[in-house]
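Read through the structure below, which is laid out as C-alpha cells, and then see the notes.
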Amino acid sequence: MTLNATLQAVTERIIARSEGPRGIYLARMAAATSKGPSRAHLSCSGQAHAYAGAGPDQDTLATTDAGNLGIVTAYNDMLSAHQPFERYPALIRDAARSVGGTAQVAGGVPAMCDGVTQGEPGMELSLFSRDVIAMATGIALSHNTFDAAVFLGVCDKIVPGLVIGAQAFGHLPAVFIPAGPMTSGISNDEKAEVRQKFAKGEVGRDALMKSEMGAYHGPGTCTFYGTANTNQMLMEFMGLHLPGSSFVTPNTELRDALTAESAKRALSISALGNNYTPTCEILDEKAFVNGIVGLMATGGSTNLLIHLLAMARAGGIILDWEDFADLSGVVPLLARVYPNGLADVNHFHAAGGLGYMIGELLKGGLLHPDTKTIAGEGLEHYTTEPFLGEDGLTWRPGTKVSLNDKIVRPLAEPFQANGGLSRLAGNLGTGVMKISAVAEEHRVVEAPVRVFHSQEDAKEAFKAGELTGDVIIVVRFQGPKANGMPELHSLTPMMQIMQGRGQKVALVTDGRMSGASGKVPSAIHVSPEALDGGPIAYLQDGDVLRVNALTGELDIMTDGVLERAPAVADMAGNQAGMGRELFSAFRASVGSADTGASVFGV
C-alpha cells in the first residue's frame, strides 16, 4: 500500500528539522558501539566487584563472553501496575541462563502514581519524576557491564523516563517488558457516576470508597485508556515490546512466557550475535511518526504530547505539535476505550486490539511498514498474536476483522474521520485538547472566564454555587516552571456536572490533565505558561475566550487584555513540603510544555 502523502510529508519534515541533533546523537552511538562489548574494557578488580553478588552466574560472567543482560526495574508494591514486576528478575535470570547468558538487576527507578497524588502536593513532583527516572536509568547502566537491557515499567512518567534513559545507551538493544492490565472490575462508567454523585453530595465517602475499590482491585495496570495504557500502545507501535504483549494480564502462564522470551530476545539482538539491533536504530523518525499515528487512532492520553517530544529529543529528533495536528487530520479514530467509550483495555484486547489496528493502518498506508523492531524488520510482525501451546510460545496471525465493532473498527468505518487530539493556537498561545471523548456539540465554547490560581480555588467556587451559566474555567500558574505542572484531573467531576446541567463549559490551563480527562473540552499545556509571562497571565474574570477544537482556535475575544499588567502569583506555598524543595533546580531549568517540559537540553 502506498504511504499516505501527509504521513510521508510529516516524516520528511521531521527528518529535515532533526538533521543536526540527530546526526550528533548517531555519531555518539556509533562511537559507543565501536568499543565493542562492555565488560572487555573493565579491569579485573572492576569485574570482580560487578560479579561478586551474582551467585551461580559468577563464573559465567568472569570466564566467558556470554551476553549479560541489565534489568532496570520500576518495581514497587505500592502501585498495582508495578507490583507484578517483583517476580520478573527471577524469570529473566532463568531465561538468560537457558540460552547461556546472564542477567543482573542494574538498578531501580522511582515510580509514583498520579492517581494517588491527584490534588495533593506530591503531584507537583510527578512530571519531574520522568526526568529523574531517565537519570536513574543512566546511573543503572553506567557500570558498563551489559550487552543489552530490559526495562520494567508501565505507568505515566515511567515508560517515557525509561525510554529517555535507554536512548542515552542507545548502542545497546532495549526490550520493554509490560506487566499487563488488572482484570476487569466494575465498569469505568459506573465508577465515574459514583464520583459525580459524591461531588454533588448525593452519596457518602463509604459509597465512593466501595466503588473505587471495586475498580482498582488487584495487580496490574488500571483498565481505562489513560497514560499508562497509552504508553503500552506506543511500545508496540514503536517496536520495543514483543508483538501482542501489552495487554496480557499479570501472573498468567502467557504473561510469564512473554517475560522470559523478552529476555532471550534482548540477548539475541546484542552486538555479540548476528542480529545486532541497537535502540538508536529502532527509535528513528519513522518510529516516532508511527507512535503519533497510534496515539491518534486510539484516542490516547494528552500527556504523550509532552512525553513524545521529550522522548524524541533524547535521540536527537525534534517533534512539534504541528506534526501531531497534521497527522490527526488524516488518521481516523478506530477505537473507543474508556473514557471515550464504555469498554476497558481488556475488552479492547479481546476485540482484536493493537494487532488488528496496526494491520488496518498498514493497509491504509498510515504507518511506516519498514521500521526496525525488536521482533525483526518490519511492523508487520505486530499484526500477530502470542499463543502458548504444547510447543511453547508462538505467534500466529491476528484477527483480520473486528470482533466487536463497538470497541474497534476497520479503517473504512471509523468512529470519526480524524484523530483523537487537536492542536489549538491563537493569541492566548498554543495548547492541545483530547477530543475523542468530547461530543461534537461541546467542541466549541465561547464564554466569559473565571480565573483561578489553583484547582482547589476552582472547586471551592463550584461548591459555593458561583460557577453558573456558560463559563470557561482558567486555572493558571500550573506550568512546569511554576509548580511542576501537576495534573488537574480532580476538576473533571465538577465540570462534567456543569456540562450535564446544560452549561457550556471548558477548561483552559497551562497545567496538565490526565489521560482520563473525559467529556469536557480542556485546552491544556497552554504555552507560554503564566509564570513565563504568557498571555494567560493577563486574563481577568469576565474576559471572553473562544475555544474551538474544530478549527484549532484558542483566542482572547476581549479587546485590550494584553495591554494590562500580567498577574503575579504567590508561589511560595509550592516551593517546599512533600519533597518539593528538592526540585527547585528543576523548576528553574525546565523547558516549556511545547518542547517536552524537560530539564534536558535539545
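The values are calculated or read from the model by the stated rules, or taken from the named source; none is laboratory data. Please read all numbers here as calculations on a predicted model, not as lab measurements. Every residue, glycine among them, receives a Cβ derived from its backbone with ideal geometry; neighbour counts consider all protein chains shown. With ligands, DNA and RNA removed, areas are computed over all heavy atoms of the protein, side chains included. Shrake-Rupley method; radii C 1.70, N 1.55, O 1.52, S 1.80 Å.
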Degrees between helix 253-268 axis and first principal axis of the chain (Cα, 0 to 90, nearest 10): 60 degrees
Could you list which residues have their amide H under 5 Å from that of Val105, counting only those 5 or more apart in sequence or on another chain, with H placed in the peptide plane? Ile71
Find, among the GluC sites (Glu not before Pro) in region 151-224, those assigned to loop by DSSP (not H, G, I, E, B) with at most 16 other beta-carbon atoms within 10 angstrom. Glu202
Can you grab the distance from the C-alpha centre of region 261-287 to the C-alpha centre of region 452-488, Å, no decimals? 46 Å
Check Ala148: other-chain or 5+ apart residues with amide H under 5 Å from its amide H, H built from backbone geometry? Asn68, Gly70
So for Thr63, Thr145, what's the accessible-area order with a 1.4 Å probe, most first? Thr63, Thr145
Take the Cα atoms of region 68-145, find their three principal axes, and give me the spread along each one in whole Å, biggest first. 49, 26, 11
Candidates (1) 199; (2) 148; (3) 173; which is the computed volume of the Cα convex hull per residue in Å³? (2)
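Quick check on region 413-503: take the gyration tensor over C-alpha atoms, sort the square-rooted eigenvalues as a ≥ b ≥ c, and tell me if it's rounded (a/c under 1.5), prolate or oblate. Show your work: numbers first, answer last.
Details: a/c = 1.83, a/b = 1.24, b/c = 1.47.
Oblate.
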For the chain, what is the percent of antiparallel DSSP beta bridges, rounded to the nearest 5? 50 percent
Within straight-line cross-link reach of Lys481, aspartates and glutamates at Cα separation under 16 Å, skipping those fewer than 8 residues along the same chain: Glu124, Asp131, Asp510, Glu529, Asp532, Asp570, Glu581, Asp594
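Between Asp189 and Ala40, what length in nm is gained on full extension when 0.36 nm per residue of separation is reduced by their alpha carbon distance? Walk me through the intermediate numbers first.
On the way: separation 149, 0.36 × 149 = 53.64 nm, distance 5.61 nm.
Roughly 48.0 nm would be gained on extension.
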Trypsin sites (Lys or Arg not before Pro) within region 554-599, DSSP loop, no more than 13 other Cβ atoms inside 10 Å: Arg564
Where does helix 285-298 land angle-wise versus the long Cα axis of the chain, in degrees 0 to 90, nearest 10? 50 degrees
Remind me, relative contact order of region 433-501 in percent, using alpha carbon pairs under 8 angstrom and six or more residues apart? 31 percent
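In debye, nearest 20: dipole of the chain around its Cα centre with unit charges on the Cβ of K, R (+) and D, E (-)? Don't skip to the answer; put the middle values down first.
Details: 45 positive and 62 negative charges, 74 e Å.
Computed about the Cα centre, the dipole is about 360 debye.
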Among the listed pairs Lys406/Lys463; Lys191/Lys463; Lys286/Lys434; Lys157/Lys286; Lys35/Lys372; Lys210/Lys400, which have their C-alpha atoms separated by more than 32 angstrom in this model? Lys406/Lys463; Lys210/Lys400
Could you tell me the relative contact order of the chain? Use alpha-carbon pairs under 8 Å, at least six residues apart, and round to a whole percent. 15 percent
I'd like the orientation of helix 19-34 relative to the chain: the angle between its Cα long axis and the longest Cα principal axis, in ° from 0 to 90, rounded to 10. 30 degrees
